[in-house]
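Novice: The structure that follows is given in the form of structure tokens.
Computed from the coordinates by the stated procedures, all read-outs in this text should not be read as laboratory data. Since we're looking at a predicted model, the values are computed, not measured. Here the Cβ is made from the backbone with ideal geometry for all residues, glycine too, and neighbour counts use every protein chain on show.
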Amino acid sequence: MLVGVCDFPGSYAFPPAGYGGIERWLWAIAVGARTAGADVHLLGPGWLTDLENDWVRKPVRLEDTTAGSLVEQDLRGSGYDLLVVGHEYPSLPAWARTAKELGCDVATFQHSPVFRHTTTAFDGERSRLYCYSPEMMERYAAHQPIAELAVQLGRHEEEPPATAGDDLVWLGRIDADKAPHIAVRAAQMLRRRIRIVGPVFDEEYVRRHARLFNADHVNWVGELGGPAKTAAIHDASVFVYTYARPYVEAGAAVFGEALRAGTPIAALTWREGTCAQAALCDRTGAVTVAKPDEDDETAARSLSRAIEQAEGLNHTEVQAIGLHRFDPARHFQAIANRSC
């Protein structure tokens, strides 16, 4: 089986060193496909050039390819069975035209809760859309989505054997949508230290919660990548997950990252059917569902109880479940199951 994994224009490299979303998913697909025995071509100029030492890298984008050109003829001659791409592209006419000319299957994962697809982007057979959670499945029901947990990988992020760890960790982009201030307050209630890992996307949000973020129990780590990022998760006793009331989490890389590292998760959600409920079970974490009209203080108190519950879980078992549930090869086989 020959798989083409497509990049797209963006601010992150492929694969990204630290923070990233769809870019990390596409890298996981490439790694998973190769592990599962498929041949893989990395399509597009965004893939790091040093990957050429170990991968077939073709720096061309389908949307830039004209009908009948030598580039298109070369791509058609390659005989792709499956193209995997970011969610916008099956609805982009220029990309879809070339993909149709190549005559292969197309698969993507919905990483945005608001993007609107064309009515012809997916048929549920040759062109397939995958969604993480029940609420995402409902949002994209018109496109015949298929339920699947997303796996995301960064380069050089192999997980060591699980350990009980110390302190708490929160990881993600730092802004109002992700609401890390609630995690900080929950840690404060428990008199626990918490490490905040990730890039600041909203300085005003950080200033608004400066009293919490500047408290003595908070360790600002910044953005990490590679082994340092893996270690920050692996060395924690509990991974704390939060988001804001109206926000819809579409892809949720952190669940797979934490569980594969053997770190149980305490998750705050505001409704049922979210990525947290899809990803976790009572052996891997604790989910608390707050009422949307509850204030942050009440939500933090509920989250603190979830942290205490998650801390009692067996890290070795968490890792074993995580490595199975978020295995790149298994994930690729699920994405490609109608092409094999």
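Novice: Starting from 0 in steps of 5 Å, tell me what percent of the Cα-Cα pairs of the range 88-150 lands in each bin.
Specialist: 4, 19, 32, 26, 13, 6, 1
Novice: At 0.36 nm per residue, and after removing the present C-alpha to C-alpha distance, how many nm does the segment from residue 272 to residue 221 gain when stretched out fully?
Specialist: That works out to 15.2 nm of additional length.
Novice: Taking the Cα centre of the chain as the origin, how large is its charge dipole in debye, to the nearest 20, when only Lys and Arg (+1) and Asp and Glu (-1) carry charge on their Cβ atoms?
Specialist: For this selection, approximately 300 debye.
Novice: Two decimals is fine: what's Rg over Rh for the range 148-300, C-alpha atoms, Kirkwood radius as Rh?
Specialist: A ratio of 0.93.
Novice: Oh, and also: Between residue 142 and residue 100, what is the FRET efficiency for a Förster distance of 22 Å, r being their Cβ-Cβ separation, to the nearest 0.05?
Specialist: Efficiency, from the Cβ-Cβ distance: 0.60.
Novice: Then there's this: Starting from 0.36 nm per residue, how many nanometres of slack lie between residue 248 and residue 214 once their C-alpha separation is accounted for?
Specialist: 9.5 nm
Novice: Show the residues, 5+ positions off or on another chain, whose built amide H is closer than 5 Å to the amide H of residue 287.
Specialist: Residues meeting the amide H criterion: 267.
Novice: For every other residue with a beta carbon closer than 12 angstrom to the beta carbon of residue 138, add +1 if it is Lys or Arg and -1 if Asp or Glu, then tell me the sum.
Specialist: Net of charged neighbours comes to 0.
Novice: Taking the chain as a Gaussian network, Cα atoms linked when under 10 Å apart, which of 50, 327, 166 shows the biggest mean-square fluctuation?
Specialist: Looking only at 50, 327, 166, the largest GNM fluctuation is found for 50.
Novice: Which number do you get for Rg(Cα) / (2.2 N^0.38 Å) in the range 219-323?
Specialist: 1.04
Novice: Let me ask something else about it. If I take every Cα pair under 8 Å that is 6 or more residues apart in the chain, average their sequence separation and divide by the length, what percent do I get for the relative contact order?
Specialist: 19
Novice: Can you tell me how much longer the chain between residue 64 and residue 291 gets when fully stretched, taken as 0.36 nm per residue apart minus their C-alpha distance, in nm with one decimal?
Specialist: 77.0 nm
Novice: Excluding residue 22 itself, calculate the net charge of residues whose Cβ lies under 12 Å from the Cβ of residue 22, where each Lys or Arg counts +1 and each Asp or Glu counts -1.
Specialist: -2
Novice: Using only C-alpha positions, report the orientation-averaged shadow area of the convex hull of the chain, nm², one decimal.
Specialist: 16.4
Novice: May I ask for the distance between the Cα centers of the range 61-119 and the range 284-305, given as a whole number of Å?
Specialist: 42
Novice: Would you calculate the separation in nanometres between label points at residue 125 and residue 177, each defined as 7 Å from the Cα along the Cα-to-beta-carbon direction?
Specialist: Placing both labels 7 Å beyond Cα along the Cβ direction yields 3.5 nm.
Novice: Still on this model: Take every Cα pair under 8 Å in the range 272-340 that's 6+ residues apart, average their separations, divide by the length, and report that relative contact order as a whole percent.
Specialist: 31
Novice: Check each of the GluC sites (Glu not before Pro) in the range 242-281 and keep only those in coil by DSSP with at most 15 other C-beta atoms within 10 angstrom; list them in order.
Specialist: In loop regions of the range 242-281 (DSSP not H, G, I, E or B), the sparsely surrounded GluC sites (Glu not before Pro) are 272.
Novice: Moving on to the next point. Using just the C-alpha positions of the range 268-318 as equal point scatterers, what log10 of I(q)/I(0) does the Debye formula give at each q in 0.17, 0.28, 0.31, 0.32 1/Å?
Specialist: Debye intensities relative to I(0), on a log10 scale: -0.52, -1.08, -1.17, -1.20.
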